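Structure record follows, encoded as C-alpha coordinates.
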Amino acid sequence: MDCIFCKIIEGLIPSEKIYEDDLCVAFYDIEPQTRVHALIVPREHIPSAAAITEHHAALLGHIWTVIPKLAEQLGVAEGFRVVTNSGADAGQTVAHLHFHLQSPK
Ligand code: AMP
Ligand code: ZN
(Lines give C-alpha, C1' and ligand atoms only; values in the text may rest on other atoms or scores of the structure.)
(Ligands and ions follow the chains in the order given, each with its own letter.)
Protein backbone atom coordinates (compact mmCIF):
# COMPACT_ATOMS: atom_id res chain seq x y z
CA MET A 1 0.00 0.00 0.00
CA ASP A 2 1.29 3.43 -0.89
CA CYS A 3 0.85 4.95 2.55
CA ILE A 4 3.75 6.69 4.27
CA PHE A 5 2.45 5.89 7.78
CA CYS A 6 1.88 2.20 6.94
CA LYS A 7 5.50 2.17 5.75
CA ILE A 8 6.69 3.80 8.97
CA ILE A 9 4.70 1.25 11.00
CA GLU A 10 6.27 -1.58 9.00
CA GLY A 11 9.73 -0.06 9.46
CA LEU A 12 10.20 0.50 5.71
CA ILE A 13 10.66 4.26 6.27
CA PRO A 14 12.71 5.48 9.24
CA SER A 15 11.07 7.44 12.03
CA GLU A 16 11.89 8.51 15.55
CA LYS A 17 9.55 6.18 17.41
CA ILE A 18 8.48 7.09 20.91
CA TYR A 19 6.05 4.29 21.70
CA GLU A 20 4.49 1.21 20.15
CA ASP A 21 2.15 -1.58 21.12
CA ASP A 22 -0.12 -4.09 19.37
CA LEU A 23 -2.60 -1.42 18.28
CA CYS A 24 -0.74 1.85 17.74
CA VAL A 25 2.58 3.53 17.15
CA ALA A 26 3.81 7.01 18.13
CA PHE A 27 6.70 8.91 16.57
CA TYR A 28 7.93 12.49 16.30
CA ASP A 29 6.51 14.66 13.54
CA ILE A 30 9.19 15.28 10.91
CA GLU A 31 8.17 18.96 10.69
CA PRO A 32 7.29 19.94 14.24
CA GLN A 33 4.86 22.85 14.52
CA THR A 34 5.41 23.20 18.27
CA ARG A 35 8.23 22.49 20.75
CA VAL A 36 6.86 18.97 21.30
CA HIS A 37 5.00 17.47 18.35
CA ALA A 38 4.31 13.74 18.13
CA LEU A 39 1.93 11.67 16.04
CA ILE A 40 -0.10 8.74 17.36
CA VAL A 41 -1.13 6.36 14.61
CA PRO A 42 -3.24 3.20 14.72
CA ARG A 43 -1.55 0.20 13.08
CA GLU A 44 -4.77 -0.37 11.15
CA HIS A 45 -4.98 1.74 8.00
CA ILE A 46 -8.01 3.95 8.61
CA PRO A 47 -8.02 6.75 6.00
CA SER A 48 -9.30 9.53 8.27
CA ALA A 49 -11.55 10.32 11.23
CA ALA A 50 -14.44 10.37 8.75
CA ALA A 51 -13.95 6.61 8.24
CA ILE A 52 -14.23 5.70 11.94
CA THR A 53 -17.04 3.28 12.73
CA GLU A 54 -18.28 1.32 15.75
CA HIS A 55 -15.77 -1.35 14.71
CA HIS A 56 -12.96 1.01 15.82
CA ALA A 57 -14.39 1.90 19.23
CA ALA A 58 -12.01 -0.25 21.30
CA LEU A 59 -9.00 0.85 19.24
CA LEU A 60 -9.81 4.53 19.73
CA GLY A 61 -10.50 4.01 23.41
CA HIS A 62 -7.08 2.41 23.67
CA ILE A 63 -5.39 5.28 21.84
CA TRP A 64 -6.97 7.70 24.29
CA THR A 65 -5.38 5.79 27.17
CA VAL A 66 -1.98 6.00 25.45
CA ILE A 67 -2.22 9.77 24.86
CA PRO A 68 -1.89 10.89 28.51
CA LYS A 69 0.96 8.42 29.08
CA LEU A 70 2.78 9.87 26.09
CA ALA A 71 2.07 13.40 27.29
CA GLU A 72 3.67 12.45 30.60
CA GLN A 73 6.63 10.78 28.85
CA LEU A 74 7.19 13.86 26.68
CA GLY A 75 6.91 16.25 29.62
CA VAL A 76 3.76 18.05 28.52
CA ALA A 77 1.18 16.50 30.85
CA GLU A 78 0.47 19.95 32.33
CA GLY A 79 -0.78 21.23 28.98
CA PHE A 80 -1.14 19.66 25.57
CA ARG A 81 -3.35 19.66 22.50
CA VAL A 82 -4.61 16.71 20.44
CA VAL A 83 -5.65 17.41 16.85
CA THR A 84 -6.95 15.25 14.00
CA ASN A 85 -7.35 16.83 10.59
CA SER A 86 -9.96 14.96 8.56
CA GLY A 87 -10.07 15.60 4.83
CA ALA A 88 -7.89 17.76 2.58
CA ASP A 89 -10.15 20.76 3.23
CA ALA A 90 -9.17 20.54 6.91
CA GLY A 91 -5.46 20.21 6.07
CA GLN A 92 -5.08 16.43 6.18
CA THR A 93 -2.00 15.58 4.12
CA VAL A 94 -1.47 11.92 5.10
CA ALA A 95 -4.50 9.69 4.50
CA HIS A 96 -3.92 7.41 7.51
CA LEU A 97 -5.70 8.41 10.70
CA HIS A 98 -3.35 10.12 13.15
CA PHE A 99 -3.53 12.30 16.22
CA HIS A 100 -1.17 15.24 16.60
CA LEU A 101 0.01 15.54 20.22
CA GLN A 102 1.42 19.01 20.64
CA SER A 103 2.73 21.24 23.38
CA PRO A 104 0.86 24.58 23.60
CA LYS A 105 3.72 26.47 21.86
P1 AMP B 1 -1.80 16.09 8.55
O2 AMP B 1 -1.36 17.26 7.71
O3 AMP B 1 -2.76 16.44 9.65
O4 AMP B 1 -2.28 14.95 7.68
O5 AMP B 1 -0.51 15.61 9.32
C6 AMP B 1 0.50 14.86 8.68
C7 AMP B 1 1.75 15.10 9.47
O8 AMP B 1 2.66 14.08 9.14
C9 AMP B 1 2.44 16.43 9.17
O10 AMP B 1 2.54 17.19 10.38
C11 AMP B 1 3.81 16.02 8.65
O12 AMP B 1 4.84 16.86 9.07
C13 AMP B 1 3.96 14.62 9.20
N14 AMP B 1 4.82 13.72 8.43
C15 AMP B 1 4.82 13.53 7.09
N16 AMP B 1 5.76 12.63 6.75
C17 AMP B 1 6.35 12.23 7.91
C18 AMP B 1 7.40 11.32 8.23
N19 AMP B 1 8.03 10.61 7.29
N20 AMP B 1 7.75 11.17 9.53
C21 AMP B 1 7.12 11.88 10.49
N22 AMP B 1 6.12 12.75 10.26
C23 AMP B 1 5.75 12.93 8.99
ZN1 ZN C 1 -1.67 3.61 6.10
ask   = Among the residues of segment 72-79, is there at least one that is open to solvent by 60 Å² or more (accessible area, probe 1.4 Å) and either part of a helix (DSSP H, G or I) or in contact with a Lys or Arg (Cβ under 6 Å, 6 or more places away or on another chain) (or both)?
value = yes
key: Checking ILE18 against (1) in contact with a Leu (Cβ under 7 Å, 6 or more places away or on another chain); (2) within 16 Å of ligand 2 (Cβ to nearest atom), the condition it does not meet   = (2)
task = Considering each of GLN73, GLN102 in turn, give the residue that is in contact (Cβ under 8 Å) with a residue 40 or more places away in the chain, within 11 Å of ligand 1 (Cβ to nearest atom) and of a type outside the set (Asp, Glu).
result = GLN102
key: Filter pass, LEU101 being more than 20 Å from LYS7 (Cβ to Cβ), open to solvent by less than 30 Å² (accessible area, probe 1.4 Å) and assigned to a strand (DSSP E or B)   = yes
inquiry  = If a residue must be assigned to a helix (DSSP H, G or I) and exposed (fewer than 15 other Cβ atoms within 10 Å of the Cβ), how many such residues does segment 5-58 contain?
reply    = 7
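The values are calculated or read from the model by the stated rules, or taken from the named source; none is laboratory data. Quick caveat, the model's predicted, so the values are computed rather than measured. As a convention, Cβ positions derive from the backbone with ideal geometry for all residues, glycine included, and neighbour counts pool all protein chains shown. Ligands, DNA and RNA are stripped out before the accessible areas are found, and what is left, the full protein with its side chains, is counted by its heavy atoms. Shrake-Rupley method; radii C 1.70, N 1.55, O 1.52, S 1.80 Å.
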